[in-house]
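Asks: The structure under discussion is supplied below as structure tokens; questions concerning it will follow.
The values are calculated or read from the model by the stated rules, or taken from the named source; none is laboratory data. Note that the structure is a prediction, hence the values are computed from the model and not measured. In this analysis, Cβ positions are derived from the backbone assuming ideal geometry, glycine residues included, and neighbour counts consider all displayed protein chains.
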Amino acid sequence: QKEVEQNSGPLSVPEGAIASLNCTYSDRGSQSFFWYRQYSGKSPELIMSIYSNGDKEDGRFTAQLNKASQYVSLLIRDSQPSDSATYLCAVTVQGAQKLVFGQGTRLTINP
Amino acid sequence: KAGVTQTPRYLIKTRGQQVTLSCSPISGHRSVSWYQQTPGQGLQFLFEYFSETQRNKGNFPGRFSGRQFSNSRSEMNVSTLELGDSALYLCASSTGTKNTEAFFGQGTRLTVV
């Protein structure tokens, strides 16, 4: 079992709709959870961090964390074509400053 | 506030050569981590340096090494290059404390021929 799992997609969503991205992790001791966005040929860009159970909202983005289910999600409201990218879920391993990444979900927003 | 700076942006090397990559973190950040990104393996952790000490290490062979200087700048060295070392090498800067966010540089694209 991979430490961090994401559906590789591609996930296709119409413009203006809600895009929902999911991630599961295996280490119950994981403490920090992040979503990065990566455009083709570019480096990952941090868009959300979440550390406790529940929802965290930042503009059009909402991160959701459920530690009991070992599940993290990212919702993008009012999706725009500029949101088309690969979204990477990352988790810190307990006691270490080390990010473990999922394989990423490729998201396409269709105008 | 300046971001994370990686140099060079692109490199082409021949098998058997060695290469050194550089990373300057965000001012005030003391932790620098290095990652390798390939289409097949995704983003994989190489090592992390904090206050000039290697604090964490990933599962890469000893050909991959690094160091950090007193100004927090870090270098990564790969010796005896193999074709499979072709990848995007990314460094991430953070404060290094618990629950800290990491910010990536632009990356160095290494091609081994």
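Asks: Just to be sure I understand the filter: pairs with C-beta atoms under 7 Å, separated by 6 or more residues or on different chains, first member in the range A:18-42 and farther than 23 Å from B:Pro39 by Cβ, second member assigned to a loop (DSSP other than H, G, I, E, B) and of a type in the set (A, V, I, L, M, F, W, C). Which pairs pass?
Replies: Qualifying pairs under 7 Å: A:Asp27/A:Val93; A:Ser30/A:Val93.
Asks: Given the conditions (1) in contact with a Leu (Cβ under 6 Å, 6 or more places away or on another chain); (2) away from chain A (no Cβ under 12 Å), which single one is not true for B:Gly62?
Replies: Every condition holds for B:Gly62 apart from (1).
Asks: Inspect all residues belonging to the range A:60-77 and state whether any of them is crowded, with 19+ Cβ neighbours inside 10 Å, within 12 Å of chain B (Cβ to nearest Cβ), touching a residue at least 40 places away in the same chain (Cβ under 8 Å) and within 10 Å of the chain's Cα centre (by Cα).
Replies: no
Matching residues to (1) under 26 Å from A:Ser32 (Cβ atoms); (2) out of contact with any Lys or Arg (no Cβ under 9 Å at 6 or more places or on another chain):
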residue: B:Asn56; (1), (2): yes, no
residue: B:Ser65; (1), (2): no, yes
residue: B:Arg73; (1), (2): yes, yes
residue: B:Asp85; (1), (2): no, no
residue: B:Ala92; (1), (2): yes, yes
residue: B:Gly96; (1), (2): yes, no
residue: B:Val112; (1), (2): no, no
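Asks: Return the residue satisfying two criteria in turn: it lies in the range A:17-46 and is in a strand (DSSP E or B) and over 18 Å from A:Tyr71 (Cβ atoms), and of such residues it is farthest from the other protein chains (Cβ to nearest Cβ).
Replies: Residues of the range A:17-46 that are in a strand (DSSP E or B), as a first pass: A:19-25, A:33-38, A:45-46.
Now drop any that are not over 18 Å from A:Tyr71 (Cβ atoms), which leaves A:37-38, A:45-46.
Details: A:Arg37: 11, A:Gln38: 9, A:Glu45: 7, A:Leu46: 6 Å.
The residue in question is A:Arg37.
Asks: Let me ask something else. Hey, could you check the range B:65-113 for residues that are surrounded by 21 or more Cβ atoms within 10 Å (Cβ to Cβ) and β-branched (Val, Ile, Thr) and say which is nearest to the other protein chains (Cβ to nearest Cβ)?
Replies: Among them, the one singled out is B:Thr108.
Asks: Mind telling me which of the residues B:Gly96, B:Gly105, B:Gly84, B:Gly40 ends up being small (Gly, Ala, Ser), under 21 Å from A:Lys98 (Cβ atoms) and out of contact with any strand residue (DSSP E or B) (no Cβ under 6 Å at 6 or more places or on another chain)?
Replies: Among B:Gly96, B:Gly105, B:Gly84, B:Gly40, only B:Gly40 is small (Gly, Ala, Ser), under 21 Å from A:Lys98 (Cβ atoms) and out of contact with any strand residue (DSSP E or B) (no Cβ under 6 Å at 6 or more places or on another chain).
Asks: I would also like to ask the following. Sort out which residues of the range A:87-111 are facing chain B (nearest Cβ under 10 Å) and in a strand (DSSP E or B), and write them in order of number.
Replies: Correct list: A:Leu88, A:Ala90, A:Thr92, A:Leu99, A:Val100, A:Phe101.
Asks: Please state which of the following conditions A:Leu11 fails to meet, knowing it meets all the rest: (1) touching a residue at least 60 places away in the same chain (Cβ under 8 Å); (2) touching a Leu at 6+ places or on another chain (Cβ under 6 Å); (3) within 14 Å of chain B (Cβ to nearest Cβ).
Replies: Just one mismatch for A:Leu11, condition (3).
Asks: Could you list, in sequence order, all residues of the range A:43-92 that are among the hydroxyl-bearing types (Ser, Thr, Tyr) and either within 16 Å of B:Glu101 (Cβ to Cβ) or touching a helix residue (DSSP H, G or I) at 6+ places or on another chain (Cβ under 8 Å) (or both)? So that I can check it myself, show each step before the final result.
Replies: So in the range A:43-92, the residues among the hydroxyl-bearing types (Ser, Thr, Tyr) come out as A:43, A:49, A:51-52, A:62, A:69, A:71, A:73, A:79, A:82, A:84, A:86-87, A:92.
Answer for the range A:43-92, where residues must be among the hydroxyl-bearing types (Ser, Thr, Tyr) and either within 16 Å of B:Glu101 (Cβ to Cβ) or touching a helix residue (DSSP H, G or I) at 6+ places or on another chain (Cβ under 8 Å) (or both): A:Ser43, A:Ser49, A:Tyr51, A:Ser52, A:Thr92.
Asks: Quick one: would you say A:Cys89 is within 10 Å of the chain's Cα centre (by Cα), more than 18 Å from B:Ala92 (Cβ to Cβ) and at pLDDT 95 or above?
Replies: Values: within 10 Å of the chain's Cα centre (by Cα): yes; more than 18 Å from B:Ala92 (Cβ to Cβ): no; at pLDDT 95 or above: yes.
So A:Cys89 does not fit the description; no.
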